[in-house]
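What follows is a short report on a single structure.
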Amino acid sequence: MTLAKAPLAKGGNGKIPATVITGFLGAGKTTMIRNILQNAGGRRIALIINEFGDLGVDGDVLKGCGAEACSEDDIIELTNGCICCTVADDFIPTMTKLLDRENRPDHIVIETSGLALPQPLIAAFNWPDIRTQVTVDGVITVVDSAAVAAGRFADDHDKVDALRVEDDNLDHESPIEELFEDQLTAADLIVLNKTDLLDAAGLQFVRGEVASRTSRKPTMIEAKHGEVSAAILLGLNVGTESDIANRKSHHEMEHEAGEEHDHDEFDSFVVELGALADPAAFIEKLKGIIAEHDVLRVKGFADVPGKPMRLLIQGVGTRIDQYFDRAWATGEVRRTRLVVIGLHDMDEAAVRAAIEAAV
């Protein structure tokens, strides 16, 4: 592989720059990171992934991308829960070990879980052991434009806004909406991904909707299939950790106001299946299961008989992508494993049984 050459970007005072990539479930963060690794311009990149659930799909996808910029040893997975809740116990020790390496990276890329608040992570870069060595080059929030266009974060935004004007005491924003807004508020750069699924009117609506969700006005760009030049994503030189006080989350603002914060809880579980003799039929059944049980996210790998490559399956709502990503390795057990993510009241037994019956 030939990597395009570009100057290595170091943070201020010789600090290692770190890029935080956040975004809602299925926005396209992993695909974007793959593109960064494959077009790193000679940089050696360390990657920290905050996977949700115990199936390291994102790490496995990125380890299989064959990028010279990031070896398997440079990919670190944090699977003990959302990174925003495990900063002291998980993230800080990981960063310390990374900085203690003899061959330090030129750049650190951190992919947060789609359920994580960026603010606590950014604040962690002010810890004494970290702030003298690393700076937050920038926070990039990836948005699923098609989902926003479909009203994913509220049943009727116009009605909610009108009711707010009429009643000063009304406040029934959903926790998922709050999470979306917090990720936008933390951003230095917002990437409107999957714009190929929208027409001009739809894209204009998404731009207005996203802009209305944060009082800050970070730069907003459009993308298809997560394809954004590494030259745009890396080297922002913002030093975001120094501006964290101006990017408070809903939780922080409510805490300061003495309000009780209510939040959704998310559950995940892994379904192991046999080989998929008819992947197309399985995917169609899976769409129905997702719709019936209000599943947020499905992702994993499948074994297709007669195919030398494994089938990657990634679903956001009833929109499911599938493609063969790499060959099964010598000695690797061929199997089908899917991680299912939903709200805490999801009927795991029913969803599991339905998926197993779909094979």
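Looking at segment 179-242 from every direction and averaging, what is the projected area of its Cα convex hull in nm²?
4.9
Give me the accessible area of T318, 1.4 Å probe, in Å² rounded to the nearest 10.
70
Taking amide H positions as placed 1.01 Å from N in the peptide plane, with prolines and chain starts having none, which residues 5 or more places from F324, or on another chain, fall under 5 Å of its amide H?
It is L312, by chain and number.
I need the phi-derived Karplus couplings for segment 209-223: 6.51 cos²θ - 1.76 cosθ + 1.60, θ = phi - 60°, integer Hz, Gly and Pro marked x.
Values per residue, Gly and Pro as x: 5, 5, 4, 6, 8, 8, 6, 6, 10, x, 4, 10, 10, 10, 8 Hz.
So how do 330-339, 297-306, 221-230 stack up, highest first, on mean other-Cβ count within 10 Å?
Packing proxy ranking, top to bottom: 297-306, 221-230, 330-339.
Rounded to the nearest 20 debye, what is the charge dipole size of segment 262-318 about its Cα centre when +1 sits on each Lys and Arg Cβ and -1 on each Asp and Glu Cβ?
Its charge dipole is roughly 480 debye.
Using Cα-Cα distances under 8 Å and only pairs 6 or more residues apart, what relative contact order does segment 261-359 have, in percent?
Once normalised by length, the contact order is 40 percent.
For R44, project a label point 7 Å along Cα to C-beta. Then give me every residue of segment 98-133 with its amide nitrogen under 16 Å of that point.
Hits in segment 98-133 for R44 at 16 Å: 98-109.
Which order, highest average first, do 21-33, 346-358, 128-140 follow once you tally other Cβ atoms within 10 Å for each residue and take the mean per peptide?
21-33, 128-140, 346-358
Taking the Cα-to-Cβ direction at N103 and at A358 and moving 7 Å from each Cα, how far apart do the two end points lie in nm?
Placing both labels 7 Å beyond Cα along the Cβ direction yields 4.2 nm.
Taking amide H atoms as placed 1.01 Å from N in the peptide plane, list the residues 5 or more away in sequence, or in a different chain, whose amide H sits under 5 Å from that of T336.
Residues meeting the criterion, in which the H sits 1.01 Å from N, are L273, D303.
The values are calculated or read from the model by the stated rules, or taken from the named source; none is laboratory data. This is a predicted model, so every value here is computed, not measured. Please note: Cβ atoms are built from the backbone with ideal geometry, for glycine as well, and neighbour counts cover all protein chains shown. Ligands, DNA and RNA are stripped out before the accessible areas are found, and what is left, the full protein with its side chains, is counted by its heavy atoms. Shrake-Rupley method; radii C 1.70, N 1.55, O 1.52, S 1.80 Å.
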